[in-house]
1. Compare the peptides 101-109, 9-17, 42-50 by average per-residue count of other Cβ atoms within 10 angstrom and give them in order, highest first.
2. Taking amide hydrogens as modeled 1.01 Å from N in the peptide plane, which residues meet the under 5 Å criterion relative to Arg71, leaving out close sequence neighbours?
3. Strictly over 27 Å apart at the Cα level, which of Lys7/Lys113; Lys28/Lys55; Lys7/Lys53; Lys35/Lys105; Lys67/Lys113 would you flag in this model?
4. Calculate the dipole size of the chain relative to its Cα centre from +1 charges on Lys and Arg beta carbons and -1 charges on Asp and Glu beta carbons; express the result in debye to the nearest 20.
5. I'm spelling it out carefully: the read-out is semi-axes √(5λ) of the Cα gyration tensor in Å, the candidates are (i) 35, 18, 13; (ii) 20, 17, 15; (iii) 17, 16, 14, and one was derived from this structure. Which label?
6. Tell me, what HN-Hα J-couplings in whole Hz come from the Karplus equation 6.51 cos²θ - 1.76 cosθ + 1.60 at θ = phi - 60° for each residue of region 38-49, using x for Gly and Pro?
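Values quoted throughout were computed directly from the atomic coordinates according to the rules given, and no laboratory measurement underlies them. Everything numeric here is computed off the predicted structure, so don't read it as measured data. Ideal geometry is used to build each Cβ from the backbone, glycine not excepted, and the neighbour counts take in all protein chains shown.
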Amino acid sequence: MNVSGEKMRQIVVTPLEANQRLDKFLLKYLNQCPKSLIYKGMRTNKIKYNGKKPKGNEILNIGDEIKLFFREEQMETLTSEKEVKKVAIHFDTVYEDEHLLIVNKPMGLLTQKDSPESQSLAD
């Protein structure tokens, strides 16, 4: 930890995270962070990519290192866990493995929510 209270968080890119732009990945990882703060972090060396100052358009490769230098309290406000709700299954599973789910979606079941209280296939 340095004098300003910043703590370094290191992310090593996995096969699931590879082949996407750095800025897009950071928007997902820091899901409560404004895009402007991510770009400011890159400009001010609070975000490093493989030890260098990134531009944001770099394509992630397996094993790449992303280092974030933010205060721990700030990291907590910039990220939030997504809540996965249990909902009744209203469809038949055609095929499922660890990477893919194919279902027979019934007519009338929304693919994505149209209001906060509705249910959807994405749930």
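1. Values: 101-109: 10.3, 9-17: 12.6, 42-50: 16.3.
So the peptides 101-109, 9-17, 42-50, ranked by packing, come out 42-50, 9-17, 101-109.
2. Residues meeting the criterion, in which the H sits 1.01 Å from N, are Lys7.
3. Details: Lys7/Lys113 37 Å; Lys28/Lys55 17 Å; Lys7/Lys53 18 Å; Lys35/Lys105 35 Å; Lys67/Lys113 35 Å.
In this structure, Lys7/Lys113; Lys35/Lys105; Lys67/Lys113 lie more than 27 Å apart at Cα.
4. Values: 20 positive and 18 negative charges, 184 e Å.
With only Lys, Arg, Asp and Glu charged at Cβ, the dipole is about 880 debye.
5. Correct label, based on the coordinates given: (i).
6. 5, 5, 5, x, 5, 5, 9, 6, 7, 10, 10, 10
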